[in-house]
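Step one of this worksheet: look at the structure below.
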Amino acid sequence: MGNKEICWMSAIELREGFRSGELSPVEVLDEVLERVKRYNPELNAIVTLTEESARAEAKKAEKDIKEKRKVGPLHGVPTTIKDLVFTKGIRTTFGSKLYENFIPDEDAVLVDRLKKAGAIMIGKTNVPEFGLIAYTDNLIFGPAHNPWDKRRTTGGSSGGAAAAVAAGFGPIASGSDGGGSIRIPSNFCGVYGIKPSFGRVPIYPKLPGWETLACEGPIARTVSDAALMLDVMAGPDDRDRFSLPASGVRYLENVEKGIDGAKLAYSPNLGYATVDPEVESITRKAAFSFEELGCKVTEIKPDLLNMENDLISNTVAETVASIGKRLEEWKKIIYPYYSSFLPLEGSLKARDIINIQYRREEHWRKMHKIFKEYTFLLTPVTAVPAFELSKDRIAIGPTKIAGKGIGPIGWMPFTYPFNFTGQPAASVPCGFMKDRLPVGLQIVGNRYDDEGVLKASRIFEKAFPWEDKKPHL
């Protein structure tokens, strides 16, 4: 079996092949690493390759299978871990010169769970510094390049993870999402990503920041692989005081059950966003295609708050507080774009931060009204497709859409609202622009309904499959 075929197999296909003896974990790892070495220099998706430990784990995985030992649900499956996530004994930089040589002495909860499930980590994936922006670049490793067009961004902050999955560097990857950081790169790179409910996957240990916004979650080429990965990663851990009790749901087992008769709301702009007309056309068609799948879809005009400035202010305040005494040191080696918004921290007062929480509560009340009537909310993932990489690292992203001026993150108006509410939300590949850039549809569920989001994603995937759509590297 050749590289081309093995590197595009799903995690579920790989594990079944291992169990039947048709595939070997060592053979699969060899093919994936060969592909990484061939294409990663162009993409810069993986920034730390853990080849030696991966080969040792693959040999052990193969021996365990041959000796008929009990194996985990991801036994032998190659995966990558985001460079914002602690990995014991393996360099973890958070994309920052402040932590350029940091080596953790323990694994994050999700890493420990993936390892116990048998997954084989092949490397750490590229991120923006501290994951602060939805654009993957930093002063240690440089930018990640989009597999569909290497002149363009992968998005962020899980940009390296999404690019790795899109490029065939393993079927699954860990991502995290504080304002869209799983969904935006999945959208730009044409793969599937789900931000689970806040607290569904414990986050420990971690650097301070993103205290009540960030979630860990899966990025994969298929919904079923993401469901399997979430089965492994989810569940309480007392070290994360926000972690949720066990849901009692087996996501992979239930993902095929469907959502017949569900009422879906569609909004092309959430009441305040400016959207590229082609993006809107593609996502509108995708949203209303759910009517062909046994659902009722209604376009709504919600009266929601635009919390763009709240996200920026909250992020800047938390970041500066977390840096603490190293602030002056950081300013000398900071990613250049950050210098444009760092001064904002000096103008923020305590009441400004408290007001964000009040606005957050008002935002939830408005969102709650929508979900009293509808099971899911559908939107574009971003207002634009992947844009060109910055040449100067000072100006990032479009300043206008359809001729109208936008704010600094006006191109990503659809994702962070659901970090403020803690709701589960996924990016589902739903089409391509005329220039062949991927476009995603966002599926948002009610609080704690991760299972529902996965089921809605799966029925769309079955009707409009995307797994065979791959970038030409």
Legend entry - Sole exception among (1) farther than 27 Å from residue 436 by Cβ; (2) at pLDDT 95 or above for residue 192, by number: (1)
Inset, instruction - Working only within the range 6-30, note down all residues that are within 25 Å of the chain's Cα centre (by Cα) and not in a loop (DSSP other than H, G, I, E, B). - result: 6, 11, 12, 13, 14, 15, 28, 29
Legend entry - Test: residue 130 is within 21 Å of the chain's Cα centre (by Cα), in a helix (DSSP H, G or I) and over 28 Å from residue 25 (Cα atoms): yes
Inset, instruction - Report the residue count in the range 436-468 for those that are free of Cβ contacts under 8 Å to residues at least 12 places away in the same chain and charged (D, E, K, R). - result: 2
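Residues that are crowded, with 19+ Cβ neighbours inside 10 Å: list the strands (runs of 3 or more DSSP E) wholly contained in the range 212-324 that include at least 3 such residues. Spell out how you get there, then give the answer.
Values: elements: 215-220, 263-266, 296-299.
Per the criteria, 215-220, 263-266.
Quick one: which residue in 132, 110 is closer than 19 Å to residue 415 by Cβ and modelled with pLDDT of 95 or more? Quick ask: steps written out before the conclusion?
Working: 110 fails: closer than 19 Å to residue 415 by Cβ.
So the residue among 132, 110 that is closer than 19 Å to residue 415 by Cβ and modelled with pLDDT of 95 or more is 132.
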Legend entry - Test: residue in the range 117-140 that is among the aromatic types (Phe, Trp, Tyr) and in contact with a strand residue (DSSP E or B) (Cβ under 6 Å, 6 or more places away or on another chain): no
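Can you find a residue in the range 43-58 that is among the aliphatic types (A, V, I, L, M), under 30 Å from residue 253 (Cβ atoms) and surrounded by fewer than 24 Cβ atoms within 10 Å (Cβ to Cβ)? Let's see the steps before the verdict.
Looking only at the range 43-58, we keep the residues that are among the aliphatic types (A, V, I, L, M), and these are 43, 45-47, 49, 54, 56, 58.
Narrowing the set further to residues that are under 30 Å from residue 253 (Cβ atoms) leaves 54, 58.
Going one step further and asking which of them are surrounded by fewer than 24 Cβ atoms within 10 Å (Cβ to Cβ), we end up with 54, 58.
Checked the range 43-58: at least one residue is among the aliphatic types (A, V, I, L, M), under 30 Å from residue 253 (Cβ atoms) and surrounded by fewer than 24 Cβ atoms within 10 Å (Cβ to Cβ).
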Inset, instruction - Output yes when any residue across the range 214-222 is under 16 Å from residue 130 (Cβ atoms) and of a type in the set (Asp, Glu), and no when none is. - result: yes
Inset, instruction - For the range 61-100, name all the residues that are among the aromatic types (Phe, Trp, Tyr) and on the phi > 0 side of the Ramachandran plot. - result: 94
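Checking the structure you have, find out if any residue of the range 82-101 is in contact (Cβ under 8 Å) with a residue 12 or more places away in the chain, under 27 Å from residue 9 (Cβ atoms) and not in a loop (DSSP other than H, G, I, E, B). Spell out the reasoning first.
Residues of the range 82-101 that are in contact (Cβ under 8 Å) with a residue 12 or more places away in the chain, as a first pass: 82-98, 100.
Checking the rest, the ones that are also under 27 Å from residue 9 (Cβ atoms) come to 82-83, 85, 87, 90.
Cutting the leftovers down to not in a loop (DSSP other than H, G, I, E, B) gives us 82.
Yes, the range 82-101 contains a residue that is in contact (Cβ under 8 Å) with a residue 12 or more places away in the chain, under 27 Å from residue 9 (Cβ atoms) and not in a loop (DSSP other than H, G, I, E, B).
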Inset, instruction - Go through (1) in contact with a strand residue (DSSP E or B) (Cβ under 6 Å, 6 or more places away or on another chain); (2) more than 25 Å from residue 135 (Cα to Cα) and name the single condition residue 252 misses. - result: (1)
Legend entry - Unique match (being more than 21 Å from the chain's Cα centre (by Cα) and among the aliphatic types (A, V, I, L, M)) among 396, 401, 409: 401
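Conditions (1) without any contact (Cβ under 8 Å) to a residue 60 or more places away in the chain; (2) touching a Pro at 6+ places or on another chain (Cβ under 8 Å); (3) closer than 30 Å to residue 10 by Cα, marked per residue:
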site: 358; (1), (2), (3): yes, no, no
site: 381; (1), (2), (3): no, no, yes
site: 393; (1), (2), (3): no, yes, no
site: 402; (1), (2), (3): no, yes, no
site: 413; (1), (2), (3): no, no, no
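For (1) surrounded by fewer than 24 Cβ atoms within 10 Å (Cβ to Cβ); (2) of a type in the set (Lys, Arg); (3) assigned to a helix (DSSP H, G or I); (4) in contact with a Pro (Cβ under 8 Å, 6 or more places away or on another chain), each residue gets a yes or a no:
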| position | (1), (2), (3), (4) |
| --- | --- |
| 137 | no, no, no, yes |
| 156 | no, no, no, yes |
| 162 | no, no, yes, yes |
| 165 | no, no, yes, yes |
| 174 | no, no, no, yes |
| 181 | no, no, no, no |
| 185 | no, no, yes, no |
| 194 | no, no, no, yes |
| 199 | yes, no, no, no |
Inset, instruction - Restrict the check to the range 344-362 and report whether at least one residue is at pLDDT below 95, over 23 Å from the mean Cα position of the chain (by Cα) and within 20 Å of residue 412 (Cβ to Cβ). - result: yes
Inset, instruction - Scan the range 381-429 residue by residue and report those that are basic (Lys, Arg) and modelled with pLDDT of 95 or more. - result: 393, 400, 404
Inset, instruction - Output the qualifying pairs, or none if there are none: Cβ atoms under 7 angstrom, residues six or more apart or on different chains, first residue in the range 1-15 and at pLDDT below 95, second residue surrounded by fewer than 18 Cβ atoms within 10 Å (Cβ to Cβ). - result: 3/34
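The values are calculated or read from the model by the stated rules, or taken from the named source; none is laboratory data. Since the model is a prediction, treat every value here as computed from it, not as a measurement. Cβ coordinates were reconstructed from backbone atoms using ideal geometry, including for glycine residues, and neighbour counts include every protein chain displayed.
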